[in-house]
Amino acid sequence: MRRKLVAGNWKMHGSLAANQALLREVIPAVAALDCEVAVCVPFPYLAQARAMLEATPIAWGAQTVSEHGQGAYTGEVSAAMLLDFACRYVIVGHSERRSLYGESDAVVAAKFVAAVKAGLTPILCVGETLAEREAGVTEAVVARQLQAVIGAAGAAALGRAVVAYEPVWAIGTGRTATPQQAQEVHAFIRSLVAGHDTAVARSLRILYGGSVKPQNAAELFAMADIDGGLIGGASLVAADFAAICGAA
Ligand code: PGA
């Protein structure tokens, strides 16, 4: 049985004061739940997340990582640096990184490798745009994104990772994939991984992300291959995030 994971993706939101208020509400609200909870925060707030969360069951992590170990890469943050802040998770290949910062499948795969090598658990995001869904190439796009990572890291490395299916058309739009639409792609992802390694496929947690809200979380999380969620907007509202965790 795969343990459900609900991970907040704060994106570029927050302040020391706002984060403190948010986490002070979230910590007690999720303490007794039996799903795993994590928050992926902006780099400058990793120290704060660690200080506030290290005595709690809530894990923390970052939203991207450099593919390089160290060197002349101004502005970048390495996996070892994230480990210095005791991060467990790092989001890799979020669609905003792919579309706004030009991260190719190859770069995403290199970041994935860097994260796994360092002992971080990457949350690998995959998903199609609206045009791609309408063109009927959803599975081809998701397969290409996954194969890039499997080719670079090996299928066994997915055993130390989490996958998040995030249809780009559902992110921040209020337009959620239906549980059936999401389940179809999740099952496809699991079968693709099973083609490489059945044990890894069976234990792989595949999160759904894209406009998850307290109102739709339970029906999404009830699907056979949906093992939790990656939550953007709703992770910034303590009551909403706690309710979504509760639904898991
Ligand atoms: P959303 O974002 O929940 O605000 O749609 C999800 C994400 O981008 O991870």
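Where a number appears in this text, it was derived from the coordinates with a stated rule and is not lab data. Remember, predicted model here, so these are calculated numbers, not experimental data. Using ideal geometry, Cβ is built from the backbone for each residue, glycine included, and neighbour counts are taken over all protein chains shown.
Note on the chain: GNM, Cα springs under 10 Å; of G232, G136, G210, the largest mean-square fluctuation is that of G136. Residue-wise HN-Hα couplings along the range 82-96, as the Karplus relation 6.51 cos²θ - 1.76 cosθ + 1.60 with θ = phi - 60° gives them from phi, are 5, 5, 4, 9, 6, 5, 9, 10, 8, 6, 10, x, 4, 4, 5 Hz; Gly and Pro carry x. Length gained on full extension, T74 to H196: 40.2 nm, using 0.36 nm per residue less the C-alpha separation.
Roughly what would the spin-label model give for A222 and S104, points 7 Å off Cα along C-beta, in nm? Each label point lies 7 Å from its Cα, and together they span 4.4 nm. Estimated at 0.36 nm per residue, the fully extended path between R2 and F43 surpasses their Cα-Cα distance by 11.9 nm. If the segment from A239 to Q215 were pulled out straight at 0.36 nm per residue, it would be longer than the present Cα-Cα gap by 7.4 nm.
Helices in the chain, meaning DSSP H runs of at least 4 residues, each add -39500 (n - 2.57). Divided by all residues, the mean residue ellipticity at 222 nm is -13000 deg cm²/dmol. For the chain, modelled as a GNM whose springs connect Cα atoms under 10 angstrom apart, the maximal fluctuation among G119, G71, G209 occurs at G71. Note that the range 165-179 has calculated 3J(HN,Hα) couplings of 8, 10, x, 4, 6, 9, 7, x, 9, x, 9, 8, 5, 5, x Hz, one per residue in order, obtained from phi through the Karplus relation 6.51 cos²θ - 1.76 cosθ + 1.60 (θ = phi - 60°); glycine and proline are x. Less than 5 angstrom separates the built amide H of L124 from those of V92, V162, V163, A164, all sequence-distant by 5 or more or on a different chain.
Measuring spread by the Cα atoms of the range 53-157 yields a radius of gyration and Dmax of 14.7, 48 Å.
Calculated on C-alpha atoms, the gyration radius of the range 117-190 divided by its Kirkwood radius gives an Rg/Rh of 0.99. Considering only A182, A161, A29, the Gaussian network model of the chain with Cα springs below 10 Å gives its largest mean-square fluctuation to A29. Taking amide H atoms as placed 1.01 Å from N in the peptide plane, the amide H of G229 lies under 5 Å from those of L5, V6, A7, Y208, each 5 or more residues away in sequence or on another chain. Remark: the range 7-23, residue by residue, has Karplus-estimated 3J(HN,Hα) of 10, x, 10, 6, 6, 8, 10, x, 7, 3, 5, 5, 5, 4, 5, 5, 5 Hz, where x stands for each Gly or Pro and the curve is 6.51 cos²θ - 1.76 cosθ + 1.60 at θ = phi - 60°. Computed across the chain, the Kirkwood hydrodynamic radius from all distinct Cα-Cα pairs reaches 17.8 Å.
One-quarter of the Cα convex hull surface for the range 103-248, in nm²? If you wrap the Cα atoms of the range 103-248 in a convex hull and average its projections, you get 8.4 nm². Normalised radius of gyration (Cα atoms, divided by 2.2 N^0.38 Å) for the range 1-96: 1.11.
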